[in-house]
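Notes follow the structure.
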Amino acid sequence: MNSKRLWSVVLGLIVFLGVNSSLYAADDSKTIASYGVGYNTGKEVGKSANFIEKAKFAEGIKDFFAKKEPAYSQDELTKAGEEVNKLVAEETKKNPDAGPDIINSLELPADIKNVISYGSGYMYAVQISQGGDIFAIDSLIAGLEDGVGGKKSAYSDDQIKGAMKELEDNFTKKMNEELTSAAKPNIEAGKKFMEEYVKQDGVTVTPEGMAYKVIKVGTGATPSSTSDVKVHYAGRLVDGTEFDSSIKRGEPAVFNLQNVIKGWQLIVPQMKVGDKWEVVIPYELGYGLQGASGAIKPGDTLIFEMELLGIEK
């Protein structure tokens, strides 16, 4: 086990509940959620008593937020890591089937345990600090100490879940606002294209907001929403940029309709084998505010020329 592997295992002991640096909340929720994050982390640290010295772990966190220099040098941390690597190697020889969890069963010498524990706490604090001011640090540390000490939580599970839910909801709202703002030019371009497209003769608008026109009429069967279909297609953006084409590849695509974008899931079951349509799919039924790799950006409207060649099953 190398040093990087060691530290990844150490950090794996830490439960960081997935909050993001863009989160924000009212003070009460922030206090409770911060306590909950600390408390759950503390409980996990408490389960690793053989490996983590609880007081030293908390000390590392406190020192970071107090802007103190680390109590141990990088050399000391590296040497402690190397010692643990040796112990892990020795234990693995004795018990080769133990796997990565073997590190939790080690009885570390006190001096090494102190260094590892302090370093883990300090690194945990560095991670938390990347979230800006989303945490009430005093509450987080209080929760950590209660969790490590096996004390009853100061807040009920429902209170903590409610506070975390508020954080998550605010994050989702903020993320969507940011994504929508970034995608706005593409969304507007798509709307403008659609407004002009539906004015053309022969264009049909679906209840879901797509538009299509028939290029060639087929007479075959109609697939279900779960069918495997064979299709030739070419996809482009409203500015004419082609982003994909089975036609150019010279080989039709075969896929299950449950595994494609929503627009395809809705439109292909309306076609008959032999049909060839041009379909305009708004971003909500395409790749949404996330976009896709390559040419498809967040908020892009997609235009497909698609021909249904067959139903595989």
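The values are calculated or read from the model by the stated rules, or taken from the named source; none is laboratory data. Small disclaimer: the values here were computed from a predicted structure and weren't measured. Neighbour counts are summed over all protein chains in view; Cβ atoms, including those assigned to glycine, are modelled from backbone coordinates with ideal geometry. Heads up: the accessible areas ignore ligands, DNA and RNA and are worked out on the full protein's heavy atoms, side chains in. Shrake-Rupley method; radii C 1.70, N 1.55, O 1.52, S 1.80 Å.
One table, with the values for the structure above:
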read-out	value
Residues located in region 258-284, provided they are in contact with a helix residue (DSSP H, G or I) (Cβ under 8 Å, 6 or more places away or on another chain) and surrounded by 19 or more Cβ atoms within 10 Å (Cβ to Cβ)	G263, W264, L266, V268, W277, V279, V280, I281, P282, Y283
Of residues in region 132-171 being of a type in the set (G, A, S) and open to solvent by less than 10 Å² (accessible area, probe 1.4 Å), the one nearest to the chain's Cα centre (by Cα)	A163
Residue among P252, P282 that alone is closer than 23 Å to S181 by Cα and in contact with a Leu (Cβ under 9 Å, 6 or more places away or on another chain)	P282
Residue in region 293-302 that is open to solvent by less than 60 Å² (accessible area, probe 1.4 Å), farther than 22 Å from P185 by Cβ, assigned to a strand (DSSP E or B) and not polar (S, T, N, Q) present	no
Cβ pairs under 9 Å, 6+ apart, first in region 178-197 and over 12 Å from D300 (Cα atoms), second of a type in the set (D, E, K, R) and open to solvent by 50 Å² or more (accessible area, probe 1.4 Å)	Y197/K213
Residues of region 215-233 that turn out to be touching a Ser or Thr at 6+ places or on another chain (Cβ under 8 Å) and open to solvent by 20 Å² or more (accessible area, probe 1.4 Å), as a count	2
Odd one out for K192, checked against (1) farther than 30 Å from I267 by Cβ; (2) surrounded by fewer than 18 Cβ atoms within 10 Å (Cβ to Cβ)	(1)
Residue among K62, K54, K86, K79 that alone is open to solvent by 60 Å² or more (accessible area, probe 1.4 Å) and at pLDDT 90 or above	K79
Filtered residues of region 174-187 (kept if surrounded by 12 or more Cβ atoms within 10 Å (Cβ to Cβ) and among the charged types (D, E, K, R))	K174, E178, K184
Boolean, K94 is among the basic types (K, R), out of contact with any strand residue (DSSP E or B) (no Cβ under 9 Å at 6 or more places or on another chain) and open to solvent by 70 Å² or more (accessible area, probe 1.4 Å)	yes
